[in-house]
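Scroll down for the structure; my scribbles are underneath it.
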Amino acid sequence: MAAVAGCGGGSAGGGAVPSTARAGASAATDRSGPRPPAAPAALAVPAVLPGPARAEEETSGEAVARRAEAARAALETARRWGLARLPLPAPQPPAGRPELRAAQGVKLADGLPPVVYRVPTEQPIVFLTVDDGAEKDPEFSRMAAELGIPLSTFVADYLARSDYGYFRGLAGQGDAVNNHTINHRNLKVLDYATQRDEICRQQDQLEGQIGSRPRLFRPPYGEYNEDTLRAAGSCGIEAVPLWNEEAFPDRMEYRYEDQRLHPGDIILTHFRGTDLWPGTMPDLLRKVVDEVTAQGFALARLDDYL
Ligand SMILES: [Zn+2]
């Protein structure tokens with residue numbers, strides 16, 4: 001993947017959060033690493049911001065006041081976390097998961113779980129996935145919850161086991177906790193039985209620790225072969241999401257040359273702290289959300305679509 005600094009230059013997205021309001025929150029959270037990109041010239045913030053209430057517009061004075069209050073609160077939350085723009089609201093998820101069809105970014109094979117880099121959709125949505133589990137930052141889970149950003153996590157037991165309570169907390173706020181094996185080995189070089197042990201034992205572990213058996217599995221390093229898919233299917237895995245973008249606290253890396261998000265793209269990032277990359281987990285989430293919003297996308301919940 002090509003590394004590209006800076007963010008996409010799209011102009012779509014919610015109203016900009018006035019930069020004066022960002023200073024305090026940024027100073028409190030940006031401990032190291034490069035500054036986030038400067039906010040675009042401040043746009044007027046509409047009195048009533050777009051939000052999930054749009055579907056059934058109520059026009060009574062009370063309803064309008066309620067929406068205005070919700071919008072004010074959303075703006076305040078975005079300011080507090082130092083966002084350049086209000087995140088765009090995700091559309092209502094489909095009633096049932098859509099059947100996966102052959103498309104660019106989808107590899108289907110009979111009897112095996114599909115491998116998916118991009119979920120087929122025309123909607124302006126992308127998905128944030130967070131891997132491994134080393135850094136268990138309560139500020140990160142709080143920020144995601146307060147901003148309404150849904151996460152799909154892929155957890156390796158050897159990193160998560162020191163505090164599964166953190167991941168139970170994520171599950172409790174509606175985020176998904178999925179399988180990323182026990183020991184995070186390169187599965188491609190292992191025989192079928194060992195691969196199956198790495199995947200199925202983590203299914204059992206997560207079922208015990210989190211309370212539900214994952215449907216999604218991501219192989220470490222994105223490395224897999226047919227044995228991997230067969231093994232995963234045999235322990236209840238329904239799909240294998242990979243990714244088209246990787247996010248860091250200071251940049252996004254894109255798989256394709258146009259260096260932009262596309263509807264349905266899956267974004268990879270990691271639970272990492274300042275010992276491993278230039279920023280905190282909140283810095284990382286701020287970078288992702290601002291970039292996604294600037295390109296006109298909303299973050300939706302992968303597990304609702306796959
Ligand atoms: Zn990993």
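The values are calculated or read from the model by the stated rules, or taken from the named source; none is laboratory data. Since the model is a prediction, treat every value here as computed from it, not as a measurement. No Cβ is skipped: glycine too gets one built from the backbone with ideal geometry, and neighbour counts run over all protein chains shown. Side chains included, ligands, DNA and RNA excluded: accessible areas come from the protein's heavy atoms. Shrake-Rupley method; radii C 1.70, N 1.55, O 1.52, S 1.80 Å.
Does GLU245 satisfy the criteria of being at pLDDT 95 or above and more than 16 Å from the chain's Cα centre (by Cα)? Steps first, please.
Working: at pLDDT 95 or above: yes; more than 16 Å from the chain's Cα centre (by Cα): no.
Against the criterion (at pLDDT 95 or above and more than 16 Å from the chain's Cα centre (by Cα)), GLU245 does not qualify.
Of the listed requirements (1) among the hydroxyl-bearing types (Ser, Thr, Tyr); (2) within 15 Å of the ligand (Cβ to nearest atom); (3) open to solvent by less than 10 Å² (accessible area, probe 1.4 Å); (4) more than 16 Å from ALA160 (Cβ to Cβ), TYR254 misses just one: (2).
Go through the residues of the range 98-119 one by one and say whether even a single one is within 17 Å of the chain's Cα centre (by Cα) and of a type in the set (A, V, I, L, M, F, W, C).
Keep residues of the range 98-119 that are within 17 Å of the chain's Cα centre (by Cα), which gives 116-119.
Subsequent filtering for residues that are of a type in the set (A, V, I, L, M, F, W, C) retains 116, 119.
Checking the range 98-119: at least one residue is within 17 Å of the chain's Cα centre (by Cα) and of a type in the set (A, V, I, L, M, F, W, C).
Identify, please: which residue in the range 145-157 is part of a helix (DSSP H, G or I) and crowded, with 17+ Cβ neighbours inside 10 Å and is, among those, nearest to the ligand (Cβ to nearest atom)? Spell out how you get there, then give the answer.
Here is the first cut: in the range 145-157, the ones part of a helix (DSSP H, G or I) are 145-147, 157.
From the residues that got through so far, the ones that are crowded, with 17+ Cβ neighbours inside 10 Å too are 145, 147, 157.
On the way: ALA145: 23, LEU147: 24, ASP157: 12 Å.
This residue is ASP157.
Quick check on ALA176: is it in contact with an Asp or Glu (Cβ under 8 Å, 6 or more places away or on another chain) and open to solvent by less than 50 Å² (accessible area, probe 1.4 Å)? Considered against the rule, which asks whether it is in contact with an Asp or Glu (Cβ under 8 Å, 6 or more places away or on another chain) and open to solvent by less than 50 Å² (accessible area, probe 1.4 Å), ALA176 comes out as yes. Of all residues in the range 257-291, those satisfying the criterion of being surrounded by 18 or more Cβ atoms within 10 Å (Cβ to Cβ), of a type in the set (D, E, K, R) and away from the ligand (no atom under 16 Å from the Cβ) are ASP265, ASP283, ARG286, LYS287, ASP290, GLU291. Residues in the range 124-144 that are open to solvent by 20 Å² or more (accessible area, probe 1.4 Å), within 12 Å of the ligand (Cβ to nearest atom) and part of a loop (DSSP other than H, G, I, E, B): ALA134 alone. Among the residues of the range 160-171, those that are open to solvent by 40 Å² or more (accessible area, probe 1.4 Å) and within 22 Å of GLY236 (Cβ to Cβ) comprise ARG161, ARG168.
Restricting attention to the range 183-204, the residues that are within 16 Å of the ligand (Cβ to nearest atom) and of a type outside the set (D, E, K, R) add up to 9. Against the criterion of being closer than 16 Å to SER152 by Cβ, touching a residue at least 12 places away in the same chain (Cβ under 8 Å), more than 16 Å from the ligand (Cβ to nearest atom) and not in a helix (DSSP H, G or I), GLY174 qualifies.
Scanning the range 217-242 for residues that are within 15 Å of the ligand (Cβ to nearest atom) and surrounded by fewer than 23 Cβ atoms within 10 Å (Cβ to Cβ), which turns out farthest from GLU198 (Cα to Cα)? Among residues in the range 217-242 that are within 15 Å of the ligand (Cβ to nearest atom) and surrounded by fewer than 23 Cβ atoms within 10 Å (Cβ to Cβ), the one farthest from GLU198 (Cα to Cα) is LEU242. What number of residues within the range 70-99 satisfy the criterion of being of a type outside the set (Lys, Arg), in a loop (DSSP other than H, G, I, E, B) and either over 12 Å from ILE149 (Cα atoms) or open to solvent by 20 Å² or more (accessible area, probe 1.4 Å) (or both)? Total satisfying the criteria: 16.
Does the range 184-194 contain at least one residue that is under 25 Å from the mean Cα position of the chain (by Cα) and either surrounded by fewer than 18 Cβ atoms within 10 Å (Cβ to Cβ) or touching a residue at least 60 places away in the same chain (Cβ under 8 Å) (or both)?
Filtering the range 184-194 down to residues under 25 Å from the mean Cα position of the chain (by Cα) leaves 184-187.
Filter once more, keeping what is either surrounded by fewer than 18 Cβ atoms within 10 Å (Cβ to Cβ) or touching a residue at least 60 places away in the same chain (Cβ under 8 Å) (or both): 186.
Yes - at least one qualifying residue is present in the range 184-194.
Residues in the range 158-171 that are hydrophobic (A, V, I, L, M, F, W, C) and within 12 Å of the ligand (Cβ to nearest atom): LEU159, ALA160. Screening GLY296, GLY211 for residues that are modelled with pLDDT of 95 or more, under 19 Å from ILE182 (Cβ atoms) and either open to solvent by 10 Å² or more (accessible area, probe 1.4 Å) or touching a helix residue (DSSP H, G or I) at 6+ places or on another chain (Cβ under 7 Å) (or both) leaves exactly one candidate, GLY211.
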